Amino acid sequence: MARILVTGMSGAGKSSVLDALRARGHHAVDTDYDGWTQPDGTWDEPRMERLLAANDDVVVSGTVDNQGRFYDRFDHVVLLSAPLPVLLDRVRRRRANPYGRTAAQRAEIAGYVSTVEPLLRRGATRELDTRRPLADVVGEIERLLQPTEELLRDRHRD
């Protein structure tokens, strides 16, 4: 049981990872959608507080703007990463999210990779290279959701 924040640059595969986790029966929330963010890009904090209070086992993903104040509320912060050319190729090809299709947006992504991703890396408890097969990346996150032997022993004592 764990609360996991999945972060990373545009094109790193956050939505694909969350979709795969949902397909495997896990509670996963992509906060880039469904009204989780305020007009300034930050999370709807009361809604996020309710989500975390109600769930010991959840994977959450969202944009960089909204995560920093919540890092300490997650058991793991997983950074999904890939080299810039891979990210840019992915955003050019994706269909569900139009961000990254223009040259200006791709330049913005490149800037974020050089300035923001290093900050995310410092806050991450694990980094996963999303050039690997999706099933492998999802499997590693699933392992973080499994209760540790210590947690199982503590529950058994209660």
Open item on the list: Quick test for you: out of V60, V64, pick the one residue that is of a type in the set (A, V, I, L, M, F, W, C), at pLDDT 90 or above and surrounded by 14 or more Cβ atoms within 10 Å (Cβ to Cβ).
Closed with: V60
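Does D34 qualify as being assigned to a loop (DSSP other than H, G, I, E, B), closer than 29 Å to T115 by Cβ, charged (D, E, K, R) and open to solvent by 50 Å² or more (accessible area, probe 1.4 Å)?
On the way: assigned to a loop (DSSP other than H, G, I, E, B): yes; closer than 29 Å to T115 by Cβ: yes; charged (D, E, K, R): yes; open to solvent by 50 Å² or more (accessible area, probe 1.4 Å): yes.
Answer is yes for this residue.
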Open item on the list: Please go through segment 96-122 and give me each residue that is within 21 Å of H76 (Cα to Cα) and either of a type in the set (K, R) or open to solvent by 80 Å² or more (accessible area, probe 1.4 Å) (or both), ordered by number.
Closed with: L119, R121, R122
Open item on the list: Exactly one condition in (1) surrounded by 15 or more Cβ atoms within 10 Å (Cβ to Cβ); (2) not in a strand (DSSP E or B) is false for L80; which is it?
Closed with: (2)
Open item on the list: When the residues of segment 6-31 are narrowed to those that are among the hydroxyl-bearing types (S, T, Y) and part of a helix (DSSP H, G or I), which ends up least open to solvent (accessible area, probe 1.4 Å)?
Closed with: S15
- [ ] Taking G100 as meeting all but one of (1) closer than 24 Å to G139 by Cα; (2) small (G, A, S); (3) touching a residue at least 40 places away in the same chain (Cβ under 8 Å), write down the number of the exception.
- [x] (1)
- [ ] Determine whether segment 37-47 contains at least one residue that is of a type in the set (S, T, Y), surrounded by 15 or more Cβ atoms within 10 Å (Cβ to Cβ), within 24 Å of Q146 (Cβ to Cβ) and in contact with a Ser or Thr (Cβ under 8 Å, 6 or more places away or on another chain).
- [x] no
Task: Residue selected from segment 48-57 under the condition among the charged types (D, E, K, R) and without any contact (Cβ under 8 Å) to a residue 12 or more places away in the chain, by the criterion surrounded by the fewest Cβ atoms within 10 Å (Cβ to Cβ) - done: R50
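The values are calculated or read from the model by the stated rules, or taken from the named source; none is laboratory data. Computed from a predicted structure; not experimentally measured. For neighbour counting, all protein chains shown are included, and Cβ atoms are generated from backbone atoms with ideal geometry for every residue, glycine included. Areas reflect the complete protein model, heavy atoms only, side chains present, ligands, DNA and RNA absent. Shrake-Rupley method; radii C 1.70, N 1.55, O 1.52, S 1.80 Å.
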